[in-house]
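S.K.: Before we start, here is the structure in question, set down as structure tokens.
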């Protein structure tokens with residue numbers, strides 16, 4: 001009825017993590033490389049279009065995030081926390 005607890009000394013059954021995630025990750029990389037070998041212009045144009053969309057939609061958000069990070073970094077530099 002009660003299952004014995006796995007001991008800490010035993011090696012994990014999946015030392016590379018979740019096998020489903022591993023297969024999906026490797027599959028995406030293989031599909032990306034195969035599509036790149038088949039039609040490099042399609043891949044390049046897709047990446048360019050995705051980057052342009054991201055810059056258009058999220059550009060101001062990332063600029064504000066970088067500005068906030070810069071102010072935080074300067075605050076840490078002059079604060080007592082930055083002297084340690």
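Computed from the coordinates by the stated procedures, all read-outs in this text should not be read as laboratory data. Not measured: the values here are computed from a predicted model.
S.K.: Determine the gain in length on full extension of the stretch residue 58-residue 22; use 0.36 nm per residue of separation and subtract their C-alpha separation, reporting nm with one decimal. Don't jump to the answer; show the numbers that get you there.
M.R.: Details: separation 36, 0.36 × 36 = 12.96 nm, distance 2.97 nm.
This chain segment gains 10.0 nm when fully extended.
S.K.: Multiply the residue gap between residue 74 and residue 37 by 0.36 nm, knock off their C-alpha separation, and tell me the result in nm, one decimal place.
M.R.: Separation in residues times 0.36 nm, less the Cα-Cα distance, equals 8.7 nm.
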